[in-house]
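The structure under discussion appears below in the form of C-alpha cells.
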Amino acid sequence: MATSKHDEIAKKLAKKFGTEYKSNEGIDIVLPDRVIEVETKKDGIRQGINQVIRSSKARYIAVNKKNVQNALDATQGTGIGVMSETGHIIKRASRSRKK
C-alpha cells in the first residue's frame, strides 16, 4: 500500500526529532517539549488545531508548502505555531490562547 503524503511528512519529522509517529493515536508527534500535528489538506487544518489546542506543551501544525499561508491564517491568535514539512519553524508557538 502506498504511503500517504501525511504519513510521509509525519515519519520524516518523527525521524528528525528522534521520536515515533503514532498514526492512530491522537496527536501525530509528541515530544517532551512540543506536540506536532501534520496536515496536508486545507480542510484538515482546523481539525489539526483542535487536536493540539489543549496541550500544555508548545503546539505546532506542520503543513506542506501549498498550505503554509492557510495554516498561518488559521492559527492567528491561537498561540499555535506553524512548521514546514521539513521541520523548519515558520511561526513560533506562543502561550497566548485567545480562543
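The values are calculated or read from the model by the stated rules, or taken from the named source; none is laboratory data. Predicted model only: the values in this text are computed from it and were never measured. Cβ coordinates were reconstructed from backbone atoms using ideal geometry, including for glycine residues, and neighbour counts include every protein chain displayed.
Quick notes
Yes/no matrix, rows are residues, columns are (1) modelled with pLDDT under 95; (2) touching a Leu at 6+ places or on another chain (Cβ under 8 Å):
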| position | (1), (2) |
| --- | --- |
| SER4 | yes, no |
| LYS16 | no, no |
| GLU20 | yes, no |
| GLU25 | yes, no |
| ILE36 | no, yes |
| GLN47 | yes, no |
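- Looking across the range 52-67, the residues that are within 11 Å of the chain's Cα centre (by Cα) and more than 15 Å from ARG34 (Cα to Cα) come down to VAL63, ASN64.
- Residue ranges of strands (runs of 3 or more DSSP E) in the chain with at least 1 members surrounded by fewer than 15 Cβ atoms within 10 Å (Cβ to Cβ) and not charged (D, E, K, R): 89-91
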